[in-house]
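**Student:** Below you will find the structure I want to go over with you.
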Amino acid sequence: MQSRRERGGRRVVSAGGVVYRRERGEVEVVLAGRRRSDGEMVWSIPKGQLEAGESVREAAVREVQEETGIRGEIEAELGEIRYTYAAYGGRSNRRRVAKHVHFFLMRCGGGRFADRDDEMDVVKWVSIESAEATMTYENERVLLRRARALIGGQQ
């Protein structure tokens, strides 16, 4: 049965990940930034929609690599985020989209930012401490805190 949020709209499933590395004794994560129409930079965890026949894990690895150029190796599940937004399809053709995003903790397996697509305006490595303050959305900051707790226990 559809929820009230999904009636009259559509449901989108996406996946992504917090990619980390240890650099000179410090844990760094990849952040992806995109400029809004007002010029403000929105910083987030790389993510994107599943393709036909793709699992959420496969989509997370693919989307991270497409958006950042970095190959991520999944180590753990971080959780899910659900939200709705309005999509516009022309003159007064507004509909609600229910989005469900699966996130994973990923260790950096190589790659270069230069090999990414152009969906994001900026991608960068940031210390995990700075990343939390930089992130635009609180629900993604929560995932980053989970990632930090998991990474802290690893060597």
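The values are calculated or read from the model by the stated rules, or taken from the named source; none is laboratory data. Just so we're clear, the structure is a prediction, and the values are computed from it rather than from any experiment. Because the Cβ atoms are built from the backbone with ideal geometry, glycine has one as well, and the counts that use them run over all protein chains shown.
**Student:** Which pairs turn up if I take residues in the stretch 131-145 that are under 19 Å from Arg36 (Cα atoms) and look for partners that are basic (Lys, Arg) with beta carbon separation below 6 Å, at least 6 apart in sequence or on another chain?
**Tutor:** As it stands, the answer is Met135/Arg141, since those pairs meet every condition given.
**Student:** So which helices (runs of 4 or more DSSP H) are wholly in the stretch 37-155 and hold at least 3 residues that are more than 12 Å from Val18 (Cα to Cα) and not polar (S, T, N, Q)?
**Tutor:** The helices (runs of 4 or more DSSP H) meeting that bar are 56-68, 138-152.
**Student:** Look at the stretch 102-155 and say how many of its residues are of a type in the set (D, E, K, R) and either touching a Phe, Trp or Tyr at 6+ places or on another chain (Cβ under 7 Å) or within 25 Å of Ser55 (Cβ to Cβ) (or both).
**Tutor:** Residues meeting the conditions: 7.
**Student:** Let me ask another. How many residues does the stretch 64-86 hold that are touching a residue at least 12 places away in the same chain (Cβ under 8 Å), within 22 Å of Met120 (Cα to Cα) and either out of contact with any strand residue (DSSP E or B) (no Cβ under 9 Å at 6 or more places or on another chain) or of a type outside the set (Asp, Glu) (or both)?
**Tutor:** Here the count works out to 13.
**Student:** Looking at the structure I just gave you, is Val12 at pLDDT below 95 and at negative phi?
**Tutor:** Yes: the conditions hold for Val12.
**Student:** Looking at the structure I just gave you, is Arg62 basic (Lys, Arg) and over 12 Å from the mean Cα position of the chain (by Cα)?
**Tutor:** Spelling it out, it is not the case that Arg62 is basic (Lys, Arg) and over 12 Å from the mean Cα position of the chain (by Cα).
**Student:** Of all residues in the stretch 49-64 being of a type outside the set (D, E, K, R) and closer than 12 Å to Val13 by Cα, which is surrounded by the fewest Cβ atoms within 10 Å (Cβ to Cβ)?
**Tutor:** Among them, the one singled out is Ala52.
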